[in-house]
Amino acid sequence: GTNDSIFAENNIRFKSSGGAFIDHNTTGQNINFRVSNSSSLDTTPLIISSSGITVAGNIANSSGDMTIDVAGDIILDADGGDIRFRDGGTEVGTIVMDDGSNSYIFKAIQQDADIKFNGNDGGSGINALTLDMSDAGSAYFNNKVGIGTTSPSTLIEGRTTTANTAYL
């Protein structure tokens, strides 16, 4: 309750047992968090409104994992067209959503780094496909390859629309 407040002003309460609470019930107004107490600096890195949370800058977690858990879909909307993956600050991969040719591109950024497609086959982890970037993108499949068929009977099987079959 409010008896536990050690500081309270303008509907903000800081509790001696830990935590801060913001009671904001004015419709149509935002909650702005500034890095300076000077309103002339206009440095509002976090805004909470009825339409969501707006962050200016980066979201960082200095230790442990970060989980994003939503009831619906997770939507990544990058106006720059790229989604970049980094490990310890080093870029390791990029998804380019439109390079001007209406393409969707997966890039391994590090020299000779392969792109792998892994899965679970009957409870065992498998590497289904490796694209070997040190060999100009050669494709290595773990098992059969079907072209024009979903259930090839040999290692490589291709079918045409006239039902001709070629086995290799």
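Figures for the structure shown
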| quantity | calculated |
| --- | --- |
| Of the criteria (1) surrounded by 10 or more Cβ atoms within 10 Å (Cβ to Cβ); (2) among the hydroxyl-bearing types (Ser, Thr, Tyr); (3) at pLDDT 90 or above, which one Thr54 fails | (3) |
| Residue that is of a type in the set (Ser, Thr, Tyr) and touching a residue at least 12 places away in the same chain (Cβ under 8 Å), where the choices are Ser49, Ser124 | Ser49 |
| Flag for Gly88 being within 25 Å of Thr54 (Cβ to Cβ) and either of a type in the set (Gly, Ala, Ser) or over 15 Å from the mean Cα position of the chain (by Cα) (or both) | no |
| Sole residue being touching a Pro at 6+ places or on another chain (Cβ under 6 Å) and of a type outside the set (D, E, K, R), chosen from Gly158, Gly146 | Gly146 |
| Filter result for the condition that a residue is at pLDDT 95 or above and touching a strand residue (DSSP E or B) at 6+ places or on another chain (Cβ under 9 Å), over Asp112, Asp99, Asp82 | Asp112 |
| Flag for Ser124 being under 30 Å from Asn143 (Cβ atoms) and at pLDDT below 90 | no |
| Gly137, sole failed condition from (1) open to solvent by 60 Å² or more (accessible area, probe 1.4 Å); (2) at positive phi; (3) in contact with a strand residue (DSSP E or B) (Cβ under 6 Å, 6 or more places away or on another chain); (4) at pLDDT 90 or above | (1) |
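The values are calculated or read from the model by the stated rules, or taken from the named source; none is laboratory data. The structure presented is a predicted model; accordingly, all values stated were derived computationally and were not measured. Neighbour counts are summed over all protein chains in view; Cβ atoms, including those assigned to glycine, are modelled from backbone coordinates with ideal geometry. Side chains included, ligands, DNA and RNA excluded: accessible areas come from the protein's heavy atoms. Shrake-Rupley method; radii C 1.70, N 1.55, O 1.52, S 1.80 Å.
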